[in-house]
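Student: Attaching a single structure in C-alpha cells format; questions to follow.
The values are calculated or read from the model by the stated rules, or taken from the named source; none is laboratory data. If you're wondering where the values come from, they're calculated on a predicted model, not measured in any experiment. Note that each Cβ is placed from the backbone with ideal geometry, even for glycine, and that neighbours are counted across all protein chains shown. Surface areas here come from the heavy atoms of the whole protein model, side chains and all, with no ligands, DNA or RNA. Shrake-Rupley method; radii C 1.70, N 1.55, O 1.52, S 1.80 Å.
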Amino acid sequence: MLKDFIEDKIRISLSDKSKSKFFELDISKLVLSIPNNPDHGDFSTNFALINAKALKLNPFELAREISTLLDNEDSDLFERVTVEKPGFINFKISKKIYHDFLAEVLIKGENFGSFPLNGKKILIEFVSANPTGLLHLGHLRNAAVGDSIARILKFSGYSVTTEYYINDYGNQIRLLGESLKSRVMQKLKIESKIPEEGYKGEYLLDVAELLLSEVKSDDLLSKDYEFFSNYAIKYLINEIDKDLKDLDINFDSWYSERDRIHNTDLLSKTRNLIKSVQGLYEKDDAQWIKTSEYGDNDDWVVKKRDDASTYFMNDIAYHHDKFQRGFDNIVNIWGADHHSHISRLKASMNLLSNDSHKLNFVLIQFVRLIKDGRDVSMSKRSGTYTTIRDMLSEFNKDLVRFMMVSRSSDSHFDFDLDKCREGSDDNPIFYIQYASARINSILNKDEVVKFTESQVDLSLLIEDKEINIIKKILNFPDIILDASNSMSPHKLAFYLQELSALFHSYYRETKILVDERELSGARLFLLKSLKTVFTNGLTLLGVSSPERM
RNA sequence: GCGCCAGUAGCUCAGCUGGAUAGAGCAAAGCACUUCUAAUGCUUAGGUCGGGGGUUCGAAUCCCUCCUGGCGUACCA
C-alpha cells in the first residue's frame, strides 16, 4: 500500500538517531490521512500537533523541524513537504512514485487490493431465516450485507466460513407441519382448519400440491405432523437456497438446529458446563442462568416449567459450539430487532469462559420499500411480505444487492422502487457499471496501439485528472482494509461511485486513443487498471461488471 | 421506565478511533453531443451538522442533558 510505504519511510527517517533528534517520539502515533483540500497535499499528518505538548515545543516549530528533516531525506519520494498553520505537515508525493505504484496494479490483477492470508479464522453467520416461508425483504439486506462482508473479510486475508443456522426444531416447526397438513386435507376436500398461530400464506398450497403429486393421498391421511414438517422444511430450505443462489450467495455451512443441537448431546453438555460453574439456579419451577453476574442486567430462563429448553438455551449451546470450533472471530449479522439478545449471549459466553471479545455483531436496521411515496414493505394481504423472489422478478440482482449495501447498516433505509428503475438518474449502480462498460469499449477498439502491458511509459500520465485517478486507484487497498475492519461494505460502495465520477469526467475531457502511440499506451494502461479496480470492487459487493451496456 | 439505532442541503444519505473552508447523488436553474457509449460531463444555487451545556490549540465527531423518530424490552422462536 502506498500509504504504508510512505508512513514507513517517514518512521525510518524520524527514528534514525544519527540524523533525527525526534527518535524518542512514539512513531506508532504517526498517521497519514488524505486531506479534503488538495492544496494541503496528497497526505498530511498531525504528528507535530500531537507531540508538541510532550516536548514543550510550539507545534508549528516542531512541524517545521520535522518537515525539513524529511524533505532533505528522500528527494525522490516527495515533491514537497510543507507546514501549515497550527502544525500540520503536508506531503506532496512525486509523480514518479505514483507511476511506480500504478505499474503494480495490473501485475496484481484480480488480487489488487487484497491482503495475504493472516492466519485468522472467522465464522460469519447471517440470514438464518426460519424455514417456515420464503425469504422476504426483511432478509434481503441481511443477506446482501452479510455476504459482502464475508467477501471483503476473505479478500483482506481472513479464512472465512459462512454459515446459515436452520431453525428446524420447536413450536414453529410443529405449526408449520400442522399448517401443511391442513392445506393437504383441504385439497382432499376434508375439512381442516389451519391452527390459529399457523402459517396461512398461500405458498403452502403449492407445497401441498407438490406433496400430493408425489405421495398417494391415502398414505398421507395417516401421517402425523412431523412428516409434514419434514417435507415442508426440506422444500422451503431448497427454495431459500435457490433465492440465495439467485443473489449469488452460497453458504459454506448449513447448520441444522435439530441435527446438531437436539439430536446430539450438545445441549446437555452445555447445560452441565453451566452447572459446573454454578451458573444455574431454580426459581418458580424453572431453571435460570446467572447472566447478571457476567455482564448482563438480568438472569434468564433456560428451561421452562414444562421442562423444554428455551430458545435462548439453544442459542447458548449453538454459540458455545461455535467457540469450540476454534474461530478467532465469530460474527453474527442480526436484524436490529434482536439487539437485546446481544448482552445476554455475551454474558453467557463469559460465564462459559469463552472469550466473548471474539463474539461480534453487525446489526442491520430495517428497510422500507417505498412505492408511489408510500410504504409497501408489507403487502395488503395480511401476513404476506414482499419476497426476494418478487423483487428479483422486477429488478436485477446487481441493482438489488448494490442498493442494499450502499448505506450504513446502522441507518434505516428507504428503498424507493420508482427511483431505481432502469435508466433512472437515481440509480447509482448503472453509473458504475457504465464506467466499466465504457472502458471495455475503448479497450476493444484498440487495434492501432495493440497495447501490451510490459512496454508502456507511465511517466506520460501527467494530467491532473490522470494523477487523481491514479491516487484513487492506489487508495483501493486502504478502502478494503477500512471496510474490512469496520465490517462496512457501504464504504466500498461509496468509493466505487467516486472512482466512477473521476473516470466519467476524465473520459469526457480526454481522448484515450490518440495518434501518439506511447501516450495511448499509457492511458490504456490506466484504463485497464481502472477496470481491474471496478471488477474487484464490484465482485466484493456481489455485483457484476458487464462488458457492455 | 430501561436498552439499541438514527436526527447533517428541499429529498436520500456519506463524513463520527477530534483536525484545516462540512461532502455526494437526486431534485432546482443554466450550459455542452459531426468525438473512444450523452445511462455522460461542466456551471450555479442550496447548511445555526435536532436544542443546550461541557472537555481543548481545535468538536458534525468525545462527555452530560433535553427533544424527536424507529426498533426492542417473554418460562415465543
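Student: Can you give me the accessible area per residue for chain A, using a 1.4 Å probe, in Å²?
Tutor: 49 Å²
Student: Quick one: angle between helix A:340-351 and the longest Cα principal axis of chain A, in degrees between 0 and 90, rounded to 10, please.
Tutor: 90 degrees
Student: Can you compute the modelled spin-label distance between A:Y507 and A:D206, with each label point 7 Å from Cα toward Cβ, in nm?
Tutor: Here the modelled spin labels are 3.8 nm apart.
Student: Counting only DSSP beta bridges with both residues in chain A, tell me the antiparallel percent, nearest 5.
Tutor: The answer is about 50 percent antiparallel.
Student: Can you tell me the order of A:35-48, A:429-442 when each peptide is scored by its average per-residue count of other Cβ atoms within 10 angstrom, highest first?
Tutor: A:429-442, A:35-48
Student: Shifting gears a bit: So if I place +1 on the C-beta of Lys and Arg and -1 on the C-beta of Asp and Glu, and nothing else carries charge, what would the dipole magnitude of chain A be about its Cα centre? I want it in debye, nearest 20.
Tutor: Charge dipole of chain A: 280 debye, to the nearest 20.
Student: Further question: When only Cα pairs under 8 Å and 6 or more residues apart are kept, what is the percent relative contact order across chain A?
Tutor: Computed over chain A, the figure is 16 percent.
Student: Work out the P(r) tail for segment A:2-93: percent of alpha carbon pairs separated by more than 22 Å, whole number.
Tutor: 16 percent
Student: What FRET efficiency comes out for the pair A:D224/A:K121, r = Cβ-Cβ distance, R0 = 51 Å, nearest 0.05?
Tutor: Using R0 = 51 Å, I get an efficiency of 0.75.
Student: Between A:E191 and A:N272, 0.36 nm times their residue separation minus their Cα-Cα distance comes to what?
Tutor: Residue separation times 0.36 nm, minus the Cα-Cα distance, leaves 24.5 nm.
Student: Another question, then. Once phi is turned into ³J(HN,Hα) by the Karplus curve 6.51 cos²θ - 1.76 cosθ + 1.60 with θ = phi - 60°, what whole-Hz value does each residue of segment A:328-334 show in order, with x for glycine and proline?
Tutor: Rounded to whole hertz, the list is 7, 8, 10, 10, 10, 9, 10.
Student: So what are chain A's ellipsoid semi-axes, whole angstrom, largest first, if each one is the square root of 5 times an eigenvalue of the alpha-carbon gyration tensor?
Tutor: Listed largest to smallest, the semi-axes of chain A are 53, 33, 18 Å.
Student: Hey, another quick one. I need to check one value: relative contact order of segment A:2-93, counting alpha carbon pairs closer than 8 Å and at least 6 residues apart, in percent.
Tutor: Relative contact order here is 25 percent.
Student: Give me, ordered by chain and number, the residues 5 or more places off A:V302 or on other chains with an amide H under 5 Å from its own placed amide H.
Tutor: A:Q287, A:W288, A:I289
Student: Next up: Give the residue list of GluC sites (Glu not before Pro) in segment A:169-257 that are DSSP loop and have at most 13 other beta-carbon atoms within 10 angstrom.
Tutor: Taking segment A:169-257 and a limit of 13 other Cβ atoms within 10 Å, the loop GluC sites (Glu not before Pro) found are A:E191, A:E196, A:E197, A:E202.
Student: For A:D285 and A:D515, compute 0.36 nm times the residue count separating them, minus their Cα-Cα distance, and round to one decimal in nm.
Tutor: Contour length minus the Cα-Cα distance gives 74.0 nm.
Student: Something else about it: In sequence order, what are the phi-derived ³J(HN,Hα) couplings for segment A:51-65 according to the Karplus relation 6.51 cos²θ - 1.76 cosθ + 1.60 with θ = phi - 60°, rounded to whole Hz, with x for glycine and proline?
Tutor: In residue order, the calculated couplings are 9, 4, 4, 4, 8, 6, 10, 5, x, 5, 5, 4, 4, 4, 4 Hz.
Student: Also, I was wondering about something else. With labels modelled as points extended 7 Å from the Cα through the Cβ direction, what inter-label distance (nm, one decimal) is found for A:D416 paired with A:S343?
Tutor: Going by the 7 Å Cα→Cβ label model, 3.8 nm.
Student: Nearest 10 degrees is fine. How inclined is helix A:489-509 to the longest principal axis of chain A, computing both from alpha carbons?
Tutor: Result, in degrees: 40.
Student: In addition: Would you please give the residues with an amide H less than 5 Å from that of A:H136, counting only those at least 5 places away or on a separate chain, with H modeled from the backbone geometry?
Tutor: Residues meeting the amide H criterion: A:I388.
Student: Separate question: What's the angle, to the nearest 10 degrees (0 to 90), between helix A:464-474's Cα axis and the longest principal axis of chain A?
Tutor: Value to nearest ten degrees: 50.
Student: Given H placed on each backbone N at 1.01 Å, which residues far from A:L359 in sequence or on other chains put an amide H within less than 5 Å of it?
Tutor: A:I330
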